[in-house]
Amino acid sequence: MDTLKKFIHYYKPYKAVFFIDLICAAIISVVDLIYPQILRSATNSLFTQGRDVIMKSLLPLGIGMLIMYIIQCLCKYYVSYQGHMMGANMERDMRQQLFDHYEKLSFSYYDQNNSGQMMSKLVSDLFDIAEFAHHGPENLFISLIKIIGSFIFLFLINWRLAIPLLILVVIMFIFSFTQNSRIQETFMDNRRKIGEVNSSLQDTLAGIRVVQSFANEDIERHKFRKSNQAFLMSKDGNYKCMGKFMSWNSFFQGMMYLVTLIFGGFLIAQGQMDVADLAMYALYIGIFISPIQILVELTEMMQKGLSGFRRFIAVMETDPDIEDAPDAKPLTDVKGEVTYDHVSFHYSDDDTLVLSDVSFTIPAGESIALVGPSGSGKTTICNLLPRFYDITGGRITIDGKDVSKLTLKSLRSQIGIVQQDVYLFCGTVKENISYGKPDASMDEIIEAAKKANIHDFIMSLPDGYDTFVGERGTRLSGGQKQRISIARVFLKNPPILILDEATSALDNESERWIQKSLEDLSKNRTTITIAHRLSTIRNADEILVVSDNKITERGTHDDLMKLNGIYAHYYQMQFER
Ligand code: ADP
Ligand code: MG
């Protein structure tokens, strides 16, 4: 009920269309209901009147019917055009809202949900919702008017014959609904199975390079054949149910004609009904049979639509964990002093601390380096500064201002991040670089590219800065992509910088190039560097060793070498090979 109330809310902007749609639907049904009545009175008068009178009454009758059908035709046009557009408009509204909401949800949401499911919400769920939004009320209305209207006429014509038909219809309804719920189950099974086929396909295609390099095509083919076959079997169950449904329905329909003819004939023989009435009966049966099937299909549409809507609402009601505080202020005039003050943190799905009591200060414009075994929490430390996750204890400040009291947009606009994995959007090189500053001029873009040592390479591409980088930028090498991402940050020109293993995925040659760009980038910026290769951080103002969820050693390179602890051990391992 609650869901329905929320659903109705989305009709609000389209109230007028909705009501006109229902009125048109009513007119369509009424016209269908009237025809047998016209036929009846016409036949009656044709039987009783002379030829001249017939000729006279035919013309007005024809004109009347023409007008009636023109009106019905216009109504049908409105219902199928504007009605569908209303559904499509609602779909557009919901999709946009969902997209906007997805953008707000925090990292922790994305840690726990997969993007395939999110895509399906944006596409198929919303389509189901729109279909129901449009066809639901309209079909319900048309069907009810037709069924109730027909039965009123049937009772008026001859109530004795109407009763057995009513009983048959009730049985047919009950049968249809139970059968339909069985069909629904097979549909659900169908959906699951096609989902498995899709994910198997997607997984293999995404990993096709791995599949081929291990020559495991046979294994994958076998897996795929299994899910493909399972899908076929579930279709088998589905079609069997549908076949039963269809054939029984037409059997019931036949039974209605049979009852009408036999029982009606009996009534005629008894003198309780005339032949014209019997013909009307046959026409009305035709009118109420199809809405019964429409009503049954409607329950299916409603189930799909409402369950899609429930999933939609569930996302819309997931609050982003991280939002602006009510009294949040923008971060302006940043000098760049960053302080972590007894910071502790754990991920929401797990209560064990990933970080405990982490404290350090980076004076404006200086740099620190984080070193430590993989999984020790270095990336986590960096993710706390732009508030991708919120800390569970302590305080993080920029120029003495608590980051949790700043607006997210202003905070994040002051921090540049270069990571190991680079994501390039579908688009041109130029668009990808200017992502750091969408209103940048071409000169600024070129300057940034030069600083990132990628300008010459870009100029060597067929279309220069307008070269299209395919999905995920697959046409570029790792080093080239990394340099584009560095140009992006140069353009953004933030006072604070996070370099998270920016060169780890690269070969020595590219690394040397990129190291140079990164050094330029970090000049006069407060920088946190996470480095895999210790040679790259020797010159950091301070080096912090992160292990066992905390900072275990700190100092300059020379200090730490003297200390002869974890850092010195690492260093020796890397250089005594
Ligand atoms: P590092 O960057 O030093 O290799 P991370 O900061 O990525 O380490 O990870 C620190 C710890 O936090 C690891 O134990 C890791 O499993 C865990 N962790 C990292 N990211 C998440 C996440 N999104 N959700 C839950 N646990 C995470
Ligand atoms: Mg990491």
Checklist line | Surface accessible to a 1.4 Å probe, per residue, for the residues of the chain, Å² | finding: 54 Å²
Item checked: Set of aspartates and glutamates near K6 by C-alpha distance (under 15 Å), chain-local residues within fewer than 8 positions excluded -> E91, D93, E317
Next item on the list: Take every Cα-Cα distance within segment 84-236, group them into 10 Å bins from 0 onward, and report for each bin the whole-number percent of pairs it holds.
Entry: 9, 19, 24, 22, 13, 8, 3, 1
Next item on the list: Net charge near K235: determine it from the other residues with C-beta under 11 Å of the C-beta of K235, scoring Lys and Arg +1 and Asp and Glu -1.
Entry: 0
Check: In the neighborhood of S410, defined by Cβ-to-Cβ distances under 12 Å, what is the net charge if each Lys or Arg adds +1 and each Asp or Glu adds -1?
Finding: +4
Next item on the list: Heavy atoms only, probe 1.4 angstrom, no DNA, RNA or ligands counted: give me V197, V17 ranked by accessible area, highest first.
Entry: V17, V197
Next item on the list: Starting from the amide H of G555, placed 1.01 Å from N in the peptide plane, find each other amide H under 5 Å away whose residue is 5 or more places distant or on another chain.
Entry: I543
Check: In whole percent, how big is the carbon plus sulfur part of the accessible area of segment 1-141, probe 1.4 Å, protein atoms only?
Finding: 69 percent
Next item on the list: Report Y239's accessible area, 1.4 Å probe, all protein chains in place, as a number in Å² to the nearest 10.
Entry: 130 Å²
Margin query: Restricting things to Cα coordinates, could you compute the convex hull volume per residue of segment 273-414 in Å³?
Written below: 201 Å³
Notebook entry, point to check: If you count the DSSP beta bridges with both ends in the chain, what percent of them are antiparallel, to the nearest 5?
Noted result: 50 percent
Note to self: Distance cut-off 21 Å, Cα to Cα: go down the list K121/K244; K451/K523; K451/K492; K104/K193 and report the pairs above it.
What the structure shows: K121/K244; K104/K193
Checklist line | Shape metrics for the chain, restricted to C-alpha atoms - Rg then Dmax, Å | finding: 36.0, 124
Checklist line | Karplus (6.51, -1.76, 1.60) ³J(HN,Hα), θ = phi - 60°, over segment 359-365, in Hz, Gly and Pro reported as x | finding: 10, 6, 10, 10, x, 3, x
Next item on the list: Express in whole angstrom the spacing between the alpha-carbon centres of segment 254-331 and segment 548-566.
Entry: 73 Å
Item checked: Solvent exposure ordering (accessible area, 1.4 Å, most first) of S404, S410, S115 -> S115, S404, S410
Notebook entry, point to check: Using modelled backbone amide H atoms (1.01 Å from N, in-plane), which distant-in-sequence or interchain residues come within less than 5 Å of G393's amide H?
Noted result: S344
Check: Under Stokes-Einstein, with the Kirkwood radius over Cα pairs standing in for Rh, what whole-number D in µm²/s applies to segment 171-311 at 4 °C and 1.567 mPa s?
Finding: 68 µm²/s
Notebook entry, point to check: Within straight cross-link reach of K409, meaning Cα distance under 20 Å, which aspartates and glutamates are found once same-chain residues fewer than 8 apart are removed?
Noted result: D100, E103, D319, D321, E323, D324, D327, D333, E337, D390, D399, D439
Notebook entry, point to check: Once the principal axes of the Cα atoms of segment 1-109 are found, what is the range along each, listed largest first in whole angstroms?
Noted result: 85, 25, 18
Next item on the list: Can you grab the distance from the C-alpha centre of segment 481-543 to the C-alpha centre of segment 361-421, Å, no decimals?
Entry: 16 Å
Item checked: Long-range amide H partners of T529 with built H, under 5 Å -> I368, A369, L370, L499
Next item on the list: Before anything else, pin down the relative contact order of the chain: Cα pairs under 8 Å, at least 6 apart, normalised by residue count, whole percent.
Entry: 14 percent
Next item on the list: Would you check the accessible area of M316, probe 1.4 Å, heavy atoms only, in square angstrom rounded to 10?
Entry: 50 Å²
Item checked: Extension gain, S41 back to M119 (0.36 nm per residue minus Cα-Cα distance, nm) -> 22.3 nm
Checklist line | Accessible carbon and sulfur surface of segment 239-394 relative to its total accessible area, %, 1.4 Å | finding: 59 percent
Check: If you take the square roots of the eigenvalues of the alpha-carbon gyration tensor of segment 113-178 and sort them as a ≥ b ≥ c, do you get rounded (a/c under 1.5), prolate (a/b over b/c) or oblate?
Finding: oblate
Next item on the list: Before anything else, pin down the relative contact order of segment 63-187: Cα pairs under 8 Å, at least 6 apart, normalised by residue count, whole percent.
Entry: 27 percent
Item checked: Summed side-chain charge close to I368 - residues other than I368 whose Cβ falls under 14 Å, Lys, Arg +1, Asp, Glu -1 -> -3
Check: In angstroms, what radius of gyration and Dmax does segment 464-555 have, counting Cα atoms only?
Finding: 15.0, 48
Check: Over what distance in Å are the Cα centres of segment 219-240 and segment 422-445 separated?
Finding: 45 Å
Note to self: What's the whole-number percent of alpha carbon pairs in segment 1-54 lying beyond 14 angstrom?
What the structure shows: 71 percent
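The values are calculated or read from the model by the stated rules, or taken from the named source; none is laboratory data. From a predicted model like this one, the values you see are computed outputs, not experimental measurements. All Cβ positions, glycine included, derive from the backbone under ideal geometry; neighbour counts span all protein chains shown. Heads up: the accessible areas ignore ligands, DNA and RNA and are worked out on the full protein's heavy atoms, side chains in. Shrake-Rupley method; radii C 1.70, N 1.55, O 1.52, S 1.80 Å.
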